Every structure is written in structure tokens, then in C-alpha cells.
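The values are calculated or read from the model by the stated rules, or taken from the named source; none is laboratory data. Because the structure is a prediction, the values reported are computed rather than measured. A quick note on method: Cβ atoms are made from the backbone with ideal geometry, for glycine too, and the neighbour counts reach across all protein chains shown.
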């Protein structure tokens with residue numbers, strides 16, 4: 001019975017963690033370039049042995065110990081592109097990331113809502129400079145045009161090339177907040193084979209209806225584990241207060 005209490009409690013904790021992940025996805029359903037997370041579960045098991053046999057301990061099966069959240073997996077599916085008409089709004093189609101300079105080093109993002117700072121450097125919505133192939137990208141005054149390869153031109157004068165990096169396995173990137181990803185030093189960048197779309201932004205890849213269904217499923221699973229926990233507690237109480245009473 002004690003094991004049943006722990007198993008049910010672990011199930012409740014797991015479903016609570018799933019609900020937190022789903023809630024974060026829903027909160028960011030309107031965040032430009034946001035990539036949703038999925039809670040990946042695992043079910044550890046322990047061998048059940050029979051003792052006292054002539055040959056020693058005989059394994060007769062396995063016993064599940066309840067589910068656990070193993071890790072969070074970020075889904076890098078393409079979000080819808082919405083047109084804004086702003087010349088410094090950029091969206092990527094295909095696998096790749098813009099590169100920005102932060103106090104912690106270079107970070108990667110799909111949020112292309114860029115502006116120009118006082119020195120006419122291209123910056124993100126937190127004032128962090130967007131990187132070109134030769135360093136921070138500074139743009140001269142004039143009509144800015146950015147082609148599908150990321151080449152930046154102002155009034156017909158080339159200003160530089162956006163640094164856009166892709167990775168063979170984007171799941172190795174780590175979320176670090178502010179819609180940014182950090183790449184491990186051992187993770188090698190590969191050429192970007194997609195396109196840059198000027199005057200567009202990429203929407204979040206969160207499907208609200210799908211997330212609501214997943215939240216209801218997690219909530220019902222939580223309630224089921226809660227009922228199991230209460231039943232186990234009631235049985236334990238009967239065992240202690242009724243079955244174990246000396247008459």
C-alpha cells in the first residue's frame with residue numbers, strides 16, 4: 001500500500017509538470033517565433049525477484065514505479081508566416097536561426113521583429129545587436145531591402161549579409177529565455193538552405209486547440225491519480241485502525 005501511495009503521488013507530480021509545460025505553451029501562443037515544448041515521460045521499472053529458491057534469487061517479472069518527466073523536448077516545426085509590411089520584420093522559412101549578441105555570448109532566435117538603434121545597428125526587441133557574417137550589422141540611412149538569401153541593401157548600397165545558422169539536430173539547442181536558444185560549443189552549425197522573407201514575421205507553432213485538449217487530458221490523469229491516492233490512503237487507514245486492532 002505504501003508503494004501505491006508513492007506511485008500515485010508521482011503520477012500527480014508528473015501530470016502537474018505536464019500542465020505547467022502546456023500552460024507555458026498557451027501563454028506564448030502569440031509570441032513571435034516561439035517553439036512549443038513537450039514533456040517527455042519515462043516509466044522506470046524494478047525487477048521482481050523470488051527469494052528462497054535453491055538457485056538463489058529468481059527474477060519473475062518487473063514492477064512499474066510510476067511515470068517521471070524525463071526531459072522537455074522543443075518542437076521546431078515551422079510556424080505560419082504573417083505579413084506586416086515593415087521592412088525590418090524578417091521571417092525564416094526552413095530550418096535556421098538569426099544570431100544576436102547577448103552578454104552571455106551569441107544566441108539564436110526565430111523572432112525577426114528587428115529595429116535600428118541610435119547608431120543604426122540592427123537590434124532585436126531587447127536591444128541586442130543582430131549579427132551579420134562580419135559582425136554586428138549596421139545599416140545606412142535609406143530604403144532597406146533584404147533578399148531571400150539575407151543580403152541587406154540600403155538605397156542600392158550593400159550593407160552586409162545576415163548571419164543565419166542551422167544545425168543538424170536542433171533538439172540539442174537549449175532555451176535560455178527571451179525566446180533565445182543557446183548552442184553548445186560542440187554543436188556545429190551547417191549552411192542555411194531556407195529563405196528570408198522581408199515584411200513578414202513567423203507566428204508561434206503552438207496550436208491552441210491541440211494544447212487545450214492535451215491540458216484536459218493531463219488534468220483528468222491528475223484527478224485519476226488523486227483518487228487512487230485517496231483510495232490507497234483509506235485502505236492504509238483501515239489496515240492500521242481496523243485490521244490491525246487487537247481483539
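For segment 89-123, what are the residues that are under 16 Å from residue 203 (Cα atoms) and either part of a loop (DSSP other than H, G, I, E, B) or free of Cβ contacts under 8 Å to residues at least 60 places away in the same chain (or both)? Lay out the reasoning, then the answer.
So the first thing to find is which residues in segment 89-123 are under 16 Å from residue 203 (Cα atoms), and the list is 89-98, 109-114.
Selection gives 94, 95, 96, 110, 111, 112, 114.
Could you list, in sequence order, all residues of segment 188-208 that are modelled with pLDDT under 95 and exposed (fewer than 15 other Cβ atoms within 10 Å of the Cβ)?
188, 190, 191, 193
For residues in segment 144-164 being assigned to a loop (DSSP other than H, G, I, E, B) and buried (at least 20 other Cβ atoms within 10 Å of the Cβ), which is farthest from the chain's Cα centre (by Cα)?
Among those residues, the one meeting the criterion is 150.
Looking at 211, 223, 234 in this structure, which one is under 18 Å from the mean Cα position of the chain (by Cα) and in a helix (DSSP H, G or I)?
From the options 211, 223, 234, the qualifying one is 211.
Being in contact (Cβ under 8 Å) with a residue 60 or more places away in the chain and farther than 30 Å from residue 126 by Cα is the filter here; which residues of segment 8-43 pass it?
8, 9, 11, 12, 15, 16
Out of 102, 74, 109, I need the residue that is surrounded by 11 or more Cβ atoms within 10 Å (Cβ to Cβ), closer than 22 Å to residue 172 by Cα and in contact with a helix residue (DSSP H, G or I) (Cβ under 7 Å, 6 or more places away or on another chain). Which one? Please lay out each step first, then the result.
Values: 102 fails: in contact with a helix residue (DSSP H, G or I) (Cβ under 7 Å, 6 or more places away or on another chain); 109 fails: in contact with a helix residue (DSSP H, G or I) (Cβ under 7 Å, 6 or more places away or on another chain).
Within the list 102, 74, 109, the selection yields 74.
Checking residue 39 against (1) under 19 Å from residue 221 (Cα atoms); (2) in contact with a helix residue (DSSP H, G or I) (Cβ under 9 Å, 6 or more places away or on another chain); (3) in a helix (DSSP H, G or I), only one condition comes out false. Which one?
Here residue 39 clears every test but (3).
Please go through segment 185-207 and give me each residue that is out of contact with any helix residue (DSSP H, G or I) (no Cβ under 8 Å at 6 or more places or on another chain) and in a loop (DSSP other than H, G, I, E, B), ordered by number.
Selection gives 185, 186, 188, 191, 192, 193, 194, 199, 203, 204, 205, 207.
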